[in-house]
Structures are given as C-alpha cells and as structure tokens.
Amino acid sequence: EKETHRLFLGIHKTARKGARVIFRNLMIPREVPDKLKDRIVKDETLSKQIYANDRSFVYGKVAAYSIRK
C-alpha cells in the first residue's frame, strides 16, 4: 500500500498534464490512492477497451488514467 502510494505520487510529479498512464495488476489488486484520485483520474471507457483487447491472460485488471495538475 505504501509502495503503491509512492508509485502514483511519483507518476503525478513527473508526468505532464494530460499524460496517459496504463496500469496493470497482476496478483495484488491496487488502486490510485484516494488522496490522488482527483489528480490521477481513471478513464473507465478506455480501461474497458484496453482490457477487452489485451492478449495477456495473467493480468486481472488493466486501467487507463489521465494526469491532472
């Protein structure tokens, strides 16, 4: 949980406004921390499209996000 928060905080700090991030979960389900959800916003439609077209069977979740500053 702490590592996930650091990861998304680092993404937010280094990404440009409007950048897109694709995040895949393998075994442990992870989400954008609540404190960052207004700045790293999930695109539900794009997430579903990517997941539907993903050819990798090992990922339980594929999510697309946009960066807001």
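Each reported figure results from applying straightforward, stated rules to the coordinates on display, with no laboratory input. On a predicted model such as this, the values are computed, not experimentally measured, just so you know. Cβ coordinates were reconstructed from backbone atoms using ideal geometry, including for glycine residues, and neighbour counts include every protein chain displayed.
Brief remarks follow.
- Qualifying residue in the stretch 46-63 (condition: free of Cβ contacts under 8 Å to residues at least 60 places away in the same chain, small (Gly, Ala, Ser), surrounded by fewer than 10 Cβ atoms within 10 Å (Cβ to Cβ) and part of a helix (DSSP H, G or I)): yes
- Selection from the stretch 9-30 of residues that are surrounded by 15 or more Cβ atoms within 10 Å (Cβ to Cβ) and part of a loop (DSSP other than H, G, I, E, B): ALA15, ALA19, ARG30
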